[in-house]
Amino acid sequence: MHVDAGSAGARKAEQALADIDGVRSVSGMGTNDLPFAGTVTAFVVTDDDLSDTELRTVTDEVGRWAVQHSGASVTYSARIEADGFGFYVARHRSENTPVLAVVDDLRAGGHWLGGTISSGDGPGAGNGSIQLDVERPSDLVRGWDAVQEVGAASGWKDVSLSADAWNTPETTALSRRNPDYSISNADSRTNDVNGDPSAEVAAYRAVTAKHTVTSASVQPGRLHVHLDDAADIADTAALIKQAAPETAALVDGGIITTDDSADDGERPDPGAYVEANRLARTIDRPGVSAIVLRPAWVTVTADGTDNALSAAATLAAASPAKPIQTLEVGSSKAALEDRGEDGLLLSGSPSRFSDAVDVGRELTGFLPTRVSLFDATASVSVSVAKVEDASALAAALKPVLPDGTRLAVDIAGQPVETSADLTLHDGALSVDALRSESQRNDTRTRLGNAVRDAWNG
């Protein structure tokens, strides 16, 4: 018995499985679930170009070891990767047979990066699944044809199939996530088979024959392509309509990207993005590096503070309409992700975004600055170099800060515990009460009082 049973078991698996002929490397991952108990997964990479028989032997030996050494204190499982194709080893030899048949067919059928194969009878349970990673985006349709053929020969029912590609792929199957290109017959979130994407694949072929595509998602009834050049959007939409008239098609390009994910599982209809696309077209210009669209949200990454203010002013002047609820503009990717670095981040509802721009324009000397004005809430956070800058800050804010705004002020380079929170109410600033006296310190007190007194005169 070992107090760190999972960790100890991982080391044990690494040492034992590495001695099997045909195994190149083993990495164990152990979890210490309880004192003297744990679980271990052994990730086994085989030598390249093993014969089908040799791979079967390695699989059998790895599976036998995992079963024989699993007990009350430690439970072992194993995943094998052979020539880039990964699969979990089932507890019974017979359960590995259909998986290995698929792996063997794919290894023999072309030059692929690899993939992931699973059967409903073993770990990774669910419907049988074959996911093929192709080497180049230009091979995507060829990969789809191959995975369909292998899936038909697998004998599995309702097998989910996908061919995936990356602009810059990772080296191992485990590390390859979120493909830039994908053709699938299953829902990417649930892995449930939901139809035949033949019409969508035909439309994708037509588009790639004429235009440069930099990412794509091809599924039954839905096609989303991103083009290198936004000028090709209209022609691409027409090509898709001609090849697959019943398909829900999303087409974007250049610096404009459509986010069609959904928390509730129901992806938005392409028509939901009409207003967001209209707004995006008004700011698709030099000085703006990225625009991400959701039906109710437009997010913009600009190159520097001046470009951020200009893009934000343009959005406000474009009179955003329903269903848009949030506009967001950052002066850099770091500012947009609110990493606390120098930069400007403006966000707000359409009705208050013009006010957010006005506030941001007055605070370019107090970066990083975050301005958030919505119908029910308003907050501004700024940085000053020293407490004595409170007067300059108050002078900058007084003409533009909306009543009811919560103002957070910190000193650049100082711990967050020294920042001060204030609230503007009926034209007067007051320092917010601390939750406990333990949060009080001299710097925070001096800063809050200085900003309040400068504002209130």
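The values are calculated or read from the model by the stated rules, or taken from the named source; none is laboratory data. Everything numeric in this text was worked out from a predicted model, so none of it was measured. Cβ: placed from backbone, ideal geometry, glycine included. Neighbour counts: every protein chain shown. Note: areas computed on protein heavy atoms with side chains; ligands, DNA, RNA excluded. Shrake-Rupley method; radii C 1.70, N 1.55, O 1.52, S 1.80 Å.
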- Helix axis angle, 274-283 relative to the chain longest principal axis, alpha carbon, degrees: 60 degrees
- Query: Excluding same-chain residues fewer than 8 positions from Lys210, which aspartates and glutamates have a Cα within less than 20 Å of its Cα?
  - Reply: Asp139, Asp180, Glu200, Asp228, Asp229, Asp232, Asp235, Asp252
- Message: Quick one: the Cα spread of segment 1-104 along its three principal axes, in angstroms, biggest first?
- Response: 42, 24, 18
- Message: Angle check, please: helix 93-108 long axis (alpha carbons) against the longest principal axis of the chain (alpha carbons), in degrees 0 to 90, nearest 10.
- Response: 80 degrees
- Message: Ratio of alpha-carbon Rg to the 2.2 N^0.38 Å globular estimate for segment 307-377, to two decimals, please.
- Response: 1.02
- Task: State log₁₀ I(q)/I(0) for the chain at q = 0.12, 0.13 Å⁻¹ as given by the Debye formula over alpha-carbon point scatterers of equal weight, solvent excluded.
- Result: -1.01, -1.05
- Message: Out of the total accessible area of the chain (probe 1.4 Å, heavy atoms of protein only), what percent is carbon and sulfur?
- Response: 48 percent
- Query: Per residue, how much accessible area does the chain show when a 1.4 Å probe rolls over the protein heavy atoms, in square angstrom?
  - Reply: 47 Å²
- Message: Below 14 Å, Cα to Cα, which aspartates and glutamates can Lys398 reach? Residues fewer than 8 away in the same chain don't count.
- Response: Asp355, Asp358, Glu362, Asp426, Asp453
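Starting from the Kirkwood radius over alpha-carbon pairs of segment 312-457, derive D by Stokes-Einstein at 37 °C in a medium of 0.692 mPa s and give it in µm² s⁻¹. Walk me through the numbers on the way to the answer.
On the way: Rh = 15.6 Å.
Translational diffusion coefficient: 211 µm²/s.
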- Query: Under a 5 Å amide H to amide H cut-off, with H placed in plane at 1.01 Å, what residues pair with Gly115 once short-range neighbours are removed?
  - Reply: Phe85, Gly86, Asp133
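Could you pull out the trypsin sites (Lys or Arg not before Pro) across segment 147-183 that fall in loop regions by DSSP (anything but H, G, I, E, B) with no more than 16 other Cβ atoms inside 10 Å?
Working: sites: Lys157, Arg176, Arg177; in loops: Lys157, Arg176, Arg177.
Hits after loop and neighbour filter: Lys157, Arg177.
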- Note on the structure: For the chain the mean separation of alpha carbon contacts under 8 Å (6+ apart) over residue count, i.e. relative contact order in percent, is 5 percent
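Take the Cα pairs of segment 265-340, get the Kirkwood Rh, then feed it into Stokes-Einstein at 37 °C and 0.692 mPa s and tell me D in µm²/s. Walk me through the numbers on the way to the answer.
On the way: Rh = 12.6 Å.
Approximately 261 µm²/s, per Stokes-Einstein.
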- Message: Quick check: with the 1.4 Å probe, what order do Phe36, Phe353 take by accessible area, largest first?
- Response: Phe36, Phe353
- Near the amide H of Ala290, under 5 Å away, which other amide H atoms are found, from residues 5 or more places off or on another chain, if H is placed in the peptide plane? Thr301
